[in-house]
1. Subtract the Cα-Cα distance of Q81 and E44 from 0.36 nm times their separation in residues, and report this length gain in nm to one decimal.
2. Just how far, in whole angstrom, is segment 8-77 from segment 98-121 if you go by their alpha carbon centroids?
3. Counting only protein heavy atoms, what percent of the accessible surface of the chain is carbon or sulfur at a 1.4 Å probe?
4. To make sure I understand the rule: partners must be aspartates and glutamates, Cα under 17 Å from the Cα of K64, and not fewer than 8 residues away in the same chain. Which ones qualify?
5. Over segment 18-64, average the accessible area per residue using a 1.4 Å probe and give it in Å², no decimals.
6. Mind listing the Cα extents of the chain along all three principal axes, in Å, largest one first?
Amino acid sequence: QVQLMESGGGLVQPGGSLRLSCVASGNIFGIGAMGWYRQAPGKERELVATISSDDTTNYADSVKGRFTISRDNAKNTVYLQMNSLKSEDTAVYFCNADVRPRWITRWFNYWGQGTQVTVSS
């Protein structure tokens, strides 16, 4: 079935940059909105950024001006470019997407397993 696979997480210093990728694979007819969410220890999962099928973007206030979400429809991939990273950005980052599987007439929402981002000196 459909899977979302994140990559690009790791350890970076404050002020550094990191680029996350998420690839959707499987029996896919189409992909709608895609997004990134994050969850820090002891906190609820929160929205970071979303991008619609027509490239409309939305960002959490905490990341505006620092993070950029983009997508490559030919590669079924969504990216999150993270600049000027702060310790507060430390979290597990999850990919999310609305996907229509082949031969199915409805859309489903999928989550990746997450990738750890740690910002520390």
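The values are calculated or read from the model by the stated rules, or taken from the named source; none is laboratory data. Just so we're clear, the structure is a prediction, and the values are computed from it rather than from any experiment. Side chains are part of the model used for accessible areas, which takes the heavy atoms of the whole protein and leaves out ligands, DNA and RNA. Shrake-Rupley method; radii C 1.70, N 1.55, O 1.52, S 1.80 Å.
1. Working: separation 37, 0.36 × 37 = 13.32 nm, distance 2.22 nm.
11.1 nm is the gain from fully extending Q81 to E44.
2. Cα centres, segment 98-121 to segment 8-77: 10 Å.
3. Values: 3100 of 6610 Å².
Solvent-exposed carbon and sulfur of the chain make up 47 percent of the total.
4. The reachable aspartates and glutamates, counting only those whose Cα sits under 17 Å from K64, are E46, D55, E88, D89.
5. On the way: 2490 Å² over 47 residues.
For segment 18-64, the solvent-accessible area averages 53 Å² per residue.
6. In descending order, the Cα extents are 49, 25, 24 Å.
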